[in-house]
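Down below is the structure, laid out as structure tokens.
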Amino acid sequence: MKKLKITPIKDGTVIDHITSGFAVKVLHILRIPESTSSVVSVAMNVKSKIGKKDIVKVENRELDTKEVDKIALIAPKATINIIRDYEVAEKHKVHLPAEIVGIVKCSNPTCISNAKEPVKSRFLLVSDDPPCIKCYYCERETEDIAERII
Amino acid sequence: MDFKNRDVISIKDFSKEEIIYVINYAKKMMPYAKGEKHIDILKGKILSTLFFEPSTRTRLSFESAMNRLGGRVIGFADPNATSQKKGESLADTIRMADSYSDVIVIRHPQEGAARLSTEFAESPVLNAGDGAGHHPTQCLLDLFTIVTEKKKIKGDKIVLLGDLKYGRTVHSLAYALSLLGAELSFVSPESLKMPKEIINECKEQGPEPSSTSNLEKAVKDADVLYVTRIQRERFPDAEEYNRVVGTYKVDINLLKYAKEDLIIMHPLPRVVEIDPEVDKTPHALYFKQAFNGVPVRMALLSLILGDRQL
Ligand SMILES: Nc1ncnc2c1ncn2[C@@H]1O[C@H](COP(=O)(O)OP(=O)(O)OP(=O)(O)O)[C@@H](O)[C@H]1O
Ligand SMILES: [Mg+2]
Ligand SMILES: [Zn+2]
């Protein structure tokens, strides 16, 4: 028997195993509340096998790749569960692509990618967990990734 | 080995074999660089020099190199005289230069500027310094200088002195010297030490470098002493700066500890790191080093642009 502290959703997405403390950042990435009028529930500091975690559940919403990549940058252990008709229809662990384009701003203020040039920011993946990325232009590793997500 | 139309952004764009090839080719360029012999293998080609930041040696030696090869040069040394001033993007400036020339040399205050330029140019782009980023032709000419003076780099004891923390060019140099088998020793004030990542990178390429704050000890058995500038801005106050600069100053006194054939190098401009007294000694190689920018840049330009080679 599933024991749910919050009302089950019929269709939508459950983002599970979010690094505890980052649920609000995830909501931000999903542009909630602006982007949806459906039910959203958030659980923070939930006890789990790997310590405390946060969970975000959004009804009537499936995430696009960009959103998933952004989540991977702040919560590398997150799982995306797609719920259809009350059941977990698909489950994916987030993972970062080798190249991350247009979703993070370089933390180096004098990097050319921060100037008004017609290019998207571009990073190479150094490590998934903890997330570490290196700017393709200035070659610096980005500090405070969570603060740099566009 | 194919150099044709290649961009040169970082020394890491080259393999060890390619670096050696360029150095050897630069040796052949020597009499032409000095104007003793003449060639025109780049006749009809145009180089643009886009200097968004001041430079003396790099720009002049690139221009000299292109002229010595029979090519021509256009460009600017003062961005205030260009549309940049009106807010034109670097991308647009590059598109223009690309349509007016066959190769672009760029110096820019922002890191990554040269890399970005490659996206807007058909012609090859050569990085002549991007802020705190790379300066690969400086690195090549440093390597060339050591090879010409010492006949080899493998096994040479090379001391890198000064600001080893912030100077990216000294990071590339350390990497390249390790790749070529030099035994490095890093000498710097505590607050300007070589970053761990760079030391690890050196270890992966070649012999394990050593670090010390004792210059006299390091100089004793050194073959090459490479001096870099310590910038005033790195220190909280004038007193601390003066103390550090005094401790690491290269003067006649220090040279008492040195081997007879020690060579002293410096990318220039030097300020107070090397006492002018040292200029007169046979150890002083920095002016010759600056000249070496010409044959090295000739070699690169020729390999990248030339339809035929020497
Ligand atoms: N209909 C639903 N409405 C709301 N949440 C749901 C629904 N179905 C499952 N969940 C939640 O989705 C997450 C994944 O469900 P699942 O049944 O796969 O759990 P699990 O076996 O613990 O998975 P994991 O191995 O990823 O931890 C859990 O947090 C669960 O509470
Ligand atoms: Mg679970
Ligand atoms: Zn950058």
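The values are calculated or read from the model by the stated rules, or taken from the named source; none is laboratory data. Just so it is clear, the model here is predicted, and its values are computed rather than measured. Counting neighbours? That spans all protein chains shown, and the Cβs are built from the backbone with ideal geometry, glycine included. Accessible surface areas use protein heavy atoms only, side chains included; no ligands, DNA or RNA. Shrake-Rupley method; radii C 1.70, N 1.55, O 1.52, S 1.80 Å.
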(request) Would you mind computing, in nm to one decimal, how far apart the modelled labels at B:Glu197 and B:Arg6 are, each placed 7 Å from Cα along Cα→Cβ? (result) 2.4
(request) Could you tell me which trypsin sites (Lys or Arg not before Pro) in region B:255-284 are loop residues by DSSP with no more than 12 other beta carbons within 10 angstrom of their beta carbon? (result) B:Lys256
(message) Can you show me the helix-derived [θ] at 222 nm for the protein assembly as shown, built from DSSP H runs with n ≥ 4 at -39,500 (n - 2.57) apiece and divided by the number of residues, rounded to the nearest 500.
(response) -9000 deg cm²/dmol
(request) With everything on Cα atoms, drop me the angle between helix A:65-74 and the longest principal axis of chain A, reported from 0 to 90° to the nearest 10. (result) 80
(message) With the cut-off at 25 Å, tell me which of the pairs A:Lys47/A:Lys77; A:Lys57/A:Lys134; A:Lys49/B:Lys196; A:Lys134/B:Lys203 have Cα atoms farther apart than that.
(response) A:Lys57/A:Lys134; A:Lys49/B:Lys196
(request) Could you state how much accessible area is buried at the B-A interface, both sides summed, with a 1.4 Å probe, in Å² to the nearest 100? (result) 1300
(request) Using only Cα atoms, tell me the angle between helix B:90-100 and the longest principal axis of chain B; keep it within 0 to 90° and round to the nearest 10. (result) 60
(request) Leaving ligands, DNA and RNA out of it, rank B:Arg229, B:Arg107, B:Arg308, B:Arg168 by accessible area with a 1.4 Å probe, largest first. (result) B:Arg308, B:Arg229, B:Arg168, B:Arg107
(request) At most 13 other Cβ atoms within 10 Å and a DSSP loop assignment: could you name the GluC sites (Glu not before Pro) in region A:22-123 that fit? (result) A:Glu34
(request) Mind grabbing the accessible area of A:Cys132 for me, 1.4 Å probe, Å², rounded to tens? (result) 30
(request) State the Cα centre-to-centre distance between region A:96-116 and region B:76-103 in whole Å. (result) 23
(message) About the Cα centre, and with charges only on the beta carbon of Lys, Arg (+1) and Asp, Glu (-1), how big is the dipole of chain A? Nearest 20 debye, please.
(response) 460
(message) Just to make sure I understand: if all protein chains stay in place, what is the order of B:Phe287, B:Phe52 by accessible area at 1.4 Å, largest first?
(response) B:Phe287, B:Phe52
(message) Let me check I have the definition right: for region A:99-148, take the eigenvalues of the Cα gyration tensor, multiply each by 5, take square roots. What are those semi-axes in whole Å, largest first?
(response) 17, 11, 9
(message) Please compute the length gained on full extension between A:Glu143 and A:Arg84, using 0.36 nm multiplied by the number of residues separating them and subtracting their Cα-Cα distance.
(response) 17.5 nm
(request) Round to a whole angstrom and tell me the spacing of the C-alpha centers of region B:206-248 and region B:1-50. (result) 32
(message) How far apart, in nanometres, would the label points at A:Asp129 and B:Phe287 be if each is projected 7 angstrom from Cα along the Cα-to-Cβ direction?
(response) 6.2
(message) What is the angle, in °, between the Cα long axis of helix B:293-305 and the longest principal axis of the Cα atoms in chain B? Nearest 10 is fine, range 0 to 90.
(response) 40
(message) What does the C-alpha gyration tensor say about the overall shape of region A:12-93? Classify as rounded when a/c is under 1.5, otherwise prolate if a/b is larger than b/c, or oblate.
(response) rounded
(request) Report the paramagnetic label zone for A:Asp11: residues of region A:35-57 whose backbone N is under 15 Å from a point 7 Å from Cα along the Cα-to-Cβ axis. (result) A:37-39
(request) Note down the relative contact order for chain A as a percent, whole number, built from C-alpha pairs under 8 angstrom at least six residues apart. (result) 22
(request) Place +1 on the Cβ of every Lys and Arg and -1 on the Cβ of every Asp and Glu in the protein assembly as shown, take the dipole about the Cα centre, and give the residue among B:Pro189, B:Ala128, A:Ser35 whose Cα lies farthest towards its positive end. (result) A:Ser35
